[in-house]
Amino acid sequence: MRSATRNPIHRLWLKPRKLLQWCHCPSCGSVDIRQVWTTTGTLLKSHLTCDSCLQATKWQSQPSIGNFPAGNMLLSAGILFAGASPTKVLRVLNHMGVMTYEKRTFFSHQRDILQPAIQGVWTQQQAAHIAMLQTEGRPLVLGLLKKLKAICKLKGCEDLKAWQQSIINHLYWAVVSSTQDDAELIVDKWKSVERHVLNLHRGHGGKFPTCAHKRLQGRAHKKKWIKPSSLSAVKLEKLVTDKMLCKVIGKLSAVHQTSKVEGFQSLIIQFAPKSYVYSYTGMLCRTLLAGLHYNENASRHTATTKAGEQRFKIRYPKYKAGHVVKKILVEATFSYVDDLMGEVVDLCKKPSADRPVQLEASHSVLGNGEA
Ligand SMILES: [Zn+2]
Ligand SMILES: [Zn+2]
């Protein structure tokens, strides 16, 4: 905090202080009172002692959440959740003469509360997505499981039984892991399972030529691989590549709101401007924020005029001559910020020992970075 004489805040606090200084003692009404003022970031505290009745009265300009002054934590949360720069926002407030905390306070809020809140909300949302996918995909999965079980019962196909669950899991993975709204990619990922169980991990063809897992070593390699051209292999191939099945799997991509990579990249830049340096956790959390924003706003409609006509704008992009016509979308919404704020409040109220531990939190290493 800056020294009391130099900090311009005292221009701004002057008026409320004068008002309060004229207050009477709340107990006896005497004006014979003494006040001591202290500040913690944006929090202003007054300690009033009455010389007539000796009553002491405390007053503070904002409530607390757990041990944190609410205004301080909400300022940090507001900065991060908007994808803003703490350096700049604090400078803006300083220029205005508003009392703020030092940058290191932002970083400790970020490390102890805000980043765990982002990761918590993200995990909850992903779990909800997978649950939705499981519900939507249930008839498909049950049908697939039934057919798999029937194959396993055939003489010579018993070895497939050990793979049943992996094959179902692979189906979910194929859908959830696809960052593009790309039915073909999802189907090709799905089809690769038929070669993976043969211990073939490359040359799958299509949009997914190579398995996504690392080189299999040790126990991961000592699986009961299916023999190529065996009855199991032939039956599984027929099941996996079934046209109807692949069509339905492709359609699951529409259920799972996946991100269109191009739009997503420009969104990440909004939450983590390239001109700043971020730690690994800092970058991860800002990317997750972009993900939360994207998931909520990916399927926005085109804005309409009062007459109900769709609105468009003309852009002149740098990379090509001429113009492009773009849809004007309805305003973005920020419900995820409510979820984040709720998580922040919950975390603030928890004793610090009960909060999730951050793996890494060294903004100091980065000097002037935005961590
Ligand atoms: Zn009094
Ligand atoms: Zn593989």
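The values are calculated or read from the model by the stated rules, or taken from the named source; none is laboratory data. Quick caveat, the model's predicted, so the values are computed rather than measured. For neighbour counting, all protein chains shown are included, and Cβ atoms are generated from backbone atoms with ideal geometry for every residue, glycine included.
Since LYS149 meets every condition but one in (1) within 17 Å of the chain's Cα centre (by Cα); (2) modelled with pLDDT of 80 or more; (3) of a type outside the set (Val, Ile, Thr), which condition does it not meet?
Only one criterion in (1) within 17 Å of the chain's Cα centre (by Cα); (2) modelled with pLDDT of 80 or more; (3) of a type outside the set (Val, Ile, Thr) is unmet by LYS149, namely (1).
Could you please find all residues in region 274-302 being more than 20 Å from GLN126 (Cβ to Cβ), of a type in the set (Gly, Ala, Ser) and exposed (fewer than 15 other Cβ atoms within 10 Å of the Cβ)?
SER275
If we scan region 46-66, do we find a residue that is in a helix (DSSP H, G or I) and away from ligand 1 (no atom under 16 Å from the Cβ)?
No, every residue in region 46-66 fails to be in a helix (DSSP H, G or I) and away from ligand 1 (no atom under 16 Å from the Cβ).
Collect the residues in region 21-45 that are more than 9 Å from ligand 1 (Cβ to nearest atom) and more than 29 Å from CYS348 (Cβ to Cβ), keeping them in residue-number order. It would help to see each step written out before you state the result.
Residues of region 21-45 more than 9 Å from ligand 1 (Cβ to nearest atom): 21-23, 31, 34-45.
Across region 21-45, the qualifying residues are GLN21, TRP22, CYS23, VAL31, ARG34.
Can you find a residue that is more than 17 Å from ALA174 (Cβ to Cβ), over 17 Å from the mean Cα position of the chain (by Cα) and β-branched (Val, Ile, Thr) anywhere in region 106-117?
No.
Please work out which one of (1) touching a Lys or Arg at 6+ places or on another chain (Cβ under 9 Å); (2) without any contact (Cβ under 8 Å) to a residue 24 or more places away in the chain is the condition SER108 fails and give its number.
Status for SER108: all satisfied but (1).
Give the residue, chosen from LEU54, LEU75, LEU48, LEU80, that is within 19 Å of the chain's Cα centre (by Cα) and under 26 Å from GLN35 (Cβ atoms). Please lay out each step first, then the result.
Working: LEU54 fails: within 19 Å of the chain's Cα centre (by Cα); LEU48 fails: within 19 Å of the chain's Cα centre (by Cα); LEU80 fails: under 26 Å from GLN35 (Cβ atoms).
Only one candidate passes the filter, namely LEU75.
Every residue in region 313-355 that is under 21 Å from HIS293 (Cβ atoms), assigned to a loop (DSSP other than H, G, I, E, B) and touching an Asp or Glu at 6+ places or on another chain (Cβ under 7 Å), please.
Within region 313-355, THR333 is the sole residue that qualifies.
Collect the residues in region 310-346 that are touching a strand residue (DSSP E or B) at 6+ places or on another chain (Cβ under 9 Å) and at pLDDT 85 or above, keeping them in residue-number order.
Filtering region 310-346 for residues touching a strand residue (DSSP E or B) at 6+ places or on another chain (Cβ under 9 Å) gives 310-317, 323-330, 344-345.
The answer is VAL344, VAL345.
Considering only region 164-218, give the helices (runs of 4 or more DSSP H) lying wholly within it that have at least 2 residues that are within 13 Å of ligand 2 (Cβ to nearest atom), basic (Lys, Arg) and within 30 Å of GLN265 (Cα to Cα).
183-191
Read through the list (1) within 16 Å of ligand 2 (Cβ to nearest atom); (2) surrounded by 12 or more Cβ atoms within 10 Å (Cβ to Cβ), then give the number of the only condition that LYS161 fails.
Unmet for LYS161, out of (1) within 16 Å of ligand 2 (Cβ to nearest atom); (2) surrounded by 12 or more Cβ atoms within 10 Å (Cβ to Cβ): (1).
Mind counting the residues in region 53-83 that are in contact with a Pro (Cβ under 6 Å, 6 or more places away or on another chain) and farther than 16 Å from LEU340 by Cα?
Selection size over region 53-83: 2.
Restricting to region 184-221, and then to whatever is basic (Lys, Arg) and modelled with pLDDT under 85, can you tell me which residue is farthest from ligand 1 (Cβ to nearest atom)?
Top of the filtered list is ARG215.
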